[in-house]
Amino acid sequence: MKNNNIKSGNLYVVATPIGNYDDISKRALITLNKVNFILAEDTRKTGLLLKHFNIKKKLYSYHEYNEKQKAKNFLEKIKKGYNTALVSDSGTPLINDPGYRIIKLCRKKYINIKIIPIPGPCSAISALSVSGLPTNRFCYEGFLSYKKNKRIKRLQELKLEYRTIIIYESTHRLLKCLYDIKNILGKNRYIVIAKELTKKWENIHGNNVSNLIKWIKLDLNKIKGEIILIISGYKKLPKTNLELSPKVIKTLLDLNKELSLKKSINITANIYSIKRNFLYKFYIKNKY
Ligand code: SAM
């Protein structure tokens, strides 16, 4: 049906299931049923979804390679009153999926078109929600580069990121990526790997990166399917760990054999970036 009451049609951004069709929302179904046409990342995949729900609708292909040239054409159509839904292959459109260009252009130049989100599944948020890692602050990184040097550079930038980090990874690069994480973020960095969420072979497993690599290598089938990594953020070593660090103690005591306590503390504090006052208290407490 063409919308005759208002000038422009609406652009609905509709989330679809990430594996299990039962996760589709009632509003998503109502919307897909009522729009004039659907912009789909892959018309074949969306066709299957529509068939499952017995929805017959005109589909247009809208993906990362034609986004640039097609965004304007579709917006012109919507402007004329055609209600339109934007969907991706799975989950929430624009989250590592096409759609950014059309929404950006719409907000900038087609201000009469109403953009309406129809919320639903998103693999990144689903994985985060079951990870057991802090969710009050997190950052989403999408896919790391398939080029090793770029991937390493990004991981180095993320080394001190204190928020929980969400990464998408493909099966065939997973081990390489985990080795890079181990080398750069450290072997103890805790990671939850969420595989095939909402599907038959769903598997959610957490461990430090070293153990995770060992666990995967025991059975490479574990990495088949769609995968998300939830990486725990950087944690400053608590002071108590510094207290126990034999390296720091040895430096302080060795220096103190030759130098005054004050000088020894100053030098040790500089080497290890520890507060002088803290080192002093530690020295007194342990009655060296
Ligand atoms: N827009 C989608 C969303 O909202 O979930 C994400 C699209 S992105 C191109 C595809 C990546 O998302 C996959 O390579 C995988 O890392 C992750 N992914 C999608 N579905 C998944 C699932 N069921 N289980 C685990 N990861 C999934």
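Taking the options Pro134, Pro121, name whichever one is within 16 Å of the ligand (Cβ to nearest atom) and either crowded, with 16+ Cβ neighbours inside 10 Å or outside any helix (DSSP H, G or I) (or both).
Pro121
Taking segment 105-116, which residues are surrounded by 13 or more Cβ atoms within 10 Å (Cβ to Cβ), touching a residue at least 60 places away in the same chain (Cβ under 8 Å) and not aromatic (Phe, Trp, Tyr)?
Within segment 105-116, Cys106, Ile113, Lys114, Ile115, Ile116 meet the criteria.
Identify, please: which residue in segment 137-147 is of a type in the set (A, V, I, L, M, F, W, C) and within 13 Å of the ligand (Cβ to nearest atom) and is, among those, surrounded by the fewest Cβ atoms within 10 Å (Cβ to Cβ)?
Phe143
How about segment 22-52: which of its residues are crowded, with 17+ Cβ neighbours inside 10 Å, more than 18 Å from His63 (Cβ to Cβ) and β-branched (Val, Ile, Thr)?
Correct list: Ile24, Thr31, Val35.
Which condition does Ser8 not pass, out of (1) at pLDDT below 95; (2) surrounded by 12 or more Cβ atoms within 10 Å (Cβ to Cβ); (3) within 24 Å of Phe143 (Cβ to Cβ), if it passes all the others?
(3)
So in segment 62-97, with the set limited to residues that are touching a helix residue (DSSP H, G or I) at 6+ places or on another chain (Cβ under 9 Å) and assigned to a helix (DSSP H, G or I), which one is farthest from the ligand (Cβ to nearest atom)?
Only one residue fits best here, namely Lys72.
Of the residues that sit in segment 155-178 and are within 16 Å of the ligand (Cβ to nearest atom) and basic (Lys, Arg), which one is surrounded by the most Cβ atoms within 10 Å (Cβ to Cβ)?
Arg173
Criterion first (out of contact with any Leu (no Cβ under 6 Å at 6 or more places or on another chain), in contact (Cβ under 8 Å) with a residue 40 or more places away in the chain and not aromatic (Phe, Trp, Tyr)) does Asp42 satisfy it?
Yes.
Filter segment 4-61 down to the residues that are under 26 Å from the mean Cα position of the chain (by Cα) and in a loop (DSSP other than H, G, I, E, B) and list them by number.
Ala15, Pro17, Ile18, Gly19, Asn20, Ile24, Ser25, Glu41, Asp42 - these are the residues of segment 4-61 that are under 26 Å from the mean Cα position of the chain (by Cα) and in a loop (DSSP other than H, G, I, E, B).
Among (1) free of Cβ contacts under 8 Å to residues at least 60 places away in the same chain; (2) within 19 Å of Gly9 (Cβ to Cβ); (3) over 29 Å from the mean Cα position of the chain (by Cα), there is one condition Ile78 misses while meeting the rest; what is its number?
Among (1) free of Cβ contacts under 8 Å to residues at least 60 places away in the same chain; (2) within 19 Å of Gly9 (Cβ to Cβ); (3) over 29 Å from the mean Cα position of the chain (by Cα), Ile78 violates only (1).
So, of the residues in segment 186-195 that are more than 14 Å from the ligand (Cβ to nearest atom) and of a type in the set (D, E, K, R), which turns out to be modelled with the highest pLDDT?
It comes out as Arg189.
Considering each residue of segment 213-232, count those that are within 16 Å of the ligand (Cβ to nearest atom) and under 16 Å from Gly132 (Cα atoms), and give that number.
So the answer is 4.
Conditions tested, residue by residue: (1) outside any helix (DSSP H, G or I); (2) within 25 Å of Leu128 (Cβ to Cβ); (3) within 16 Å of the ligand (Cβ to nearest atom).
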| position | (1), (2), (3) |
| --- | --- |
| Ile181 | no, yes, yes |
| Leu197 | yes, yes, yes |
| Ile204 | yes, yes, yes |
| Lys250 | no, no, no |
| Phe282 | no, no, no |
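The values are calculated or read from the model by the stated rules, or taken from the named source; none is laboratory data. Please read all numbers here as calculations on a predicted model, not as lab measurements. Note: ideal-geometry Cβ built from the backbone for every residue, glycine included; neighbour counts use all protein chains shown.
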